[in-house]
Amino acid sequence: MRKFWIAALGCGLMVVGTAQAADLAAGKASFEKFNCASCHGADAKSPILPTYPILAGQHQDYLAHALVAYQRGQKGEPASANVRKNAIMGGMAMQLSANDIENITAWLSSQNTPLSVHPQEFK
């Protein structure tokens, strides 16, 4: 039984070790490639309209969830599938692979932002 648990632990470590971390440089390149800056600003902090969100510094999981929800909305999935319907964002999101989403959202979340609170500034 002990050998089983050692083998299971070893397999688990191998799976964890092969997981890829997001590539921030690829995220920035994809942000530029897919022309996200045309609405959200080159720095992701300066949207062209005040109704467009600032993306820099947002939580990665929130951004990824939103992009996938736009993809679902574009595919016409039912509202029960947690969709976001917007013709522009749906069309933009449909171009993104899962890897693109991971990299772009990682890069965006790593950026400084006017939305964040930096405790060191309040000392």
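Checking the stated criteria, Ile101 turns out to be under 18 Å from Asp23 (Cα atoms) and outside any loop (DSSP other than H, G, I, E, B). Consider region 61-81. How many of its residues are free of Cβ contacts under 8 Å to residues at least 12 places away in the same chain and polar (S, T, N, Q)? Total meeting the criteria: 1.
Taking the criterion of being assigned to a loop (DSSP other than H, G, I, E, B), surrounded by fewer than 13 Cβ atoms within 10 Å (Cβ to Cβ) and either over 18 Å from the mean Cα position of the chain (by Cα) or modelled with pLDDT of 95 or more (or both), the residues of region 76-90 that qualify are Gly76, Pro78. For first residues located in region 34-60 and over 17 Å from Leu96 (Cα atoms), partners that are loosely packed, with under 15 Cβ neighbours inside 10 Å and of a type in the set (Val, Ile, Thr) and lie 6+ apart or on another chain with Cβ distances below 8 Å form the pairs Gly41/Ile48. Take region 24-46 and flag every residue that is surrounded by 16 or more Cβ atoms within 10 Å (Cβ to Cβ), of a type outside the set (A, V, I, L, M, F, W, C) and assigned to a loop (DSSP other than H, G, I, E, B). The answer is Gly41, Lys45.
The values are calculated or read from the model by the stated rules, or taken from the named source; none is laboratory data. None of the values given here were measured: they were computed from a predicted structure. Cβ atoms come from the backbone with ideal geometry, glycine included; neighbour counts cover every protein chain shown.
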